[in-house]
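Take this structure, written in structure tokens, and hold onto it; I'll ask about it next.
We did not get these values from a lab; they are worked out from the coordinates using the rules stated. Please read these numbers as outputs of a predicted model, since none were measured by experiment. Note that we place each Cβ from the backbone using ideal geometry, even for glycine, and neighbour counts take in every protein chain shown.
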Amino acid sequence: MASKVEIANRALQLLGAKSIVSLLEDSRNARSINLAFEPVKLAELRKHPWSFAIKRAQLAADAVAPLFTKTSSFTLPSDCIRVLSPDPEVNFNDLDWQIEGRKIITNDTAPLDVRYIYNVTDSNEMDVLFREALSSKLAMELSEEITQSNAKKADAAKLYEEAISEAKKANAIERVAQRPPEDIWVTVRD
């Protein structure tokens, strides 16, 4: 079973550093990984519409409407990292949504259907290639702090680029094909 410690130890292994037993142990490696793990994971989740990290929700309208321009506001779920189009087959956004803080401001009525990338807290829910990319990214981010080596950082950066490319490729194969957005120069002729 995958765990944060397993991902952390893979990052340390890529750096040739000593492994840890817990993220909370009193060692330099554990302290470094513990500080970096969540911010790096959240950033990697936000960067791409990972299939394993998509949730759907129907949001109720907030009791208080926006002050001007739009008629409704909807509070995003607490685990939302990135809002996606409600229709996975549409690659363009013709919605009148605006995201302001942790709210969607719109003229749409409740319930509002949303798809979003959520904060995956169970490592077992992550795709194995994403876990490898996350380990590589952690290794890249922490290489100088742990190894004091620029060469290790360059090696880790190369490993990350390869791992993230493979993870994105596998994710794309498993998704529904999306139509490219129509350019205004094409649609204006209709």
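Ignoring the sites themselves, what is the longest stretch of the chain with no chymotrypsin sites (Phe, Trp or Tyr not before Pro) in a DSSP loop and at most 15 other beta-carbon atoms within 10 Å?
Looking at the chain, 93-190 is the longest stretch - no exposed chymotrypsin sites (Phe, Trp or Tyr not before Pro) with at most 15 other Cβ atoms within 10 Å.
Using label points projected 7 Å from each Cα along Cα→Cβ, tell me how many nm separate ARG56 and ASN34, to one decimal.
So the two model labels end up 4.0 nm from each other.
Related question: Show the residues, 5+ positions off or on another chain, whose built amide H is closer than 5 Å to the amide H of ILE81.
For ILE81, the qualifying residues are ILE117, TYR118, ASN119.
R0 = 30 Å: FRET efficiency of GLN98 with GLU25, Cβ-based, nearest 0.05?
Plugging the Cβ-Cβ distance into 1/(1 + (r/R0)^6) gives 0.10.
Multiplying the sequence separation of ASP122 and GLU144 by 0.36 nm and subtracting their Cα-Cα distance, what value in nm do you get?
So the extension gain works out to 5.1 nm.
Under a no-solvent Debye model with one identical scatterer per Cα of the range 1-128, what's log10 I(q)/I(0) at q = 0.12, 0.18 Å⁻¹?
-0.59, -0.95
With n ≥ 4 as the cut-off for DSSP H runs, can you work out [θ] at 222 nm for the chain, using -39500 (n - 2.57) per run divided by the number of residues, rounded to the nearest 500?
-14000 deg cm²/dmol
Placing +1 at every Lys and Arg Cβ and -1 at every Asp and Glu Cβ, with all other atoms neutral, what dipole size does the range 53-118 have around its Cα centre, in debye to the nearest 20?
The dipole of the range 53-118 has a size of about 260 debye.
Next question. Could you give the nm distance between label points at ALA43 and ALA63, where each point is 7 Å from its Cα heading toward the beta carbon?
Output for this residue pair reads 3.9 nm.
For the pairs LYS47/LYS152; LYS47/LYS158; LYS137/LYS158; LYS4/LYS169; LYS55/LYS158; LYS4/LYS41, note any where the Cα-Cα span goes beyond 21 Å.
With Cα atoms farther than 21 Å apart: LYS47/LYS152; LYS4/LYS169; LYS55/LYS158.
Shape call for the range 118-169 from the C-alpha gyration tensor, a ≥ b ≥ c root eigenvalues: rounded (a/c under 1.5), prolate (a/b greater than b/c) or oblate?
oblate
Normalised by the residues of the chain, what does the relative contact order come to in percent, with Cα pairs under 8 Å and at least six apart?
Relative CO of the chain lands at 27 percent.
Along the principal axes of its C-alpha atoms, what lengths does the range 53-118 span, in descending order and rounded to whole Å?
32, 25, 19 Å, listed from the longest principal axis down.
Assuming 0.36 nm per residue, please report the length gained on full extension of the stretch ARG115 to SER3 beyond their Cα-Cα distance. Don't jump to the answer; show the numbers that get you there.
Details: separation 112, 0.36 × 112 = 40.32 nm, distance 2.60 nm.
Using 0.36 nm per residue and subtracting the Cα-Cα distance, I get 37.7 nm.
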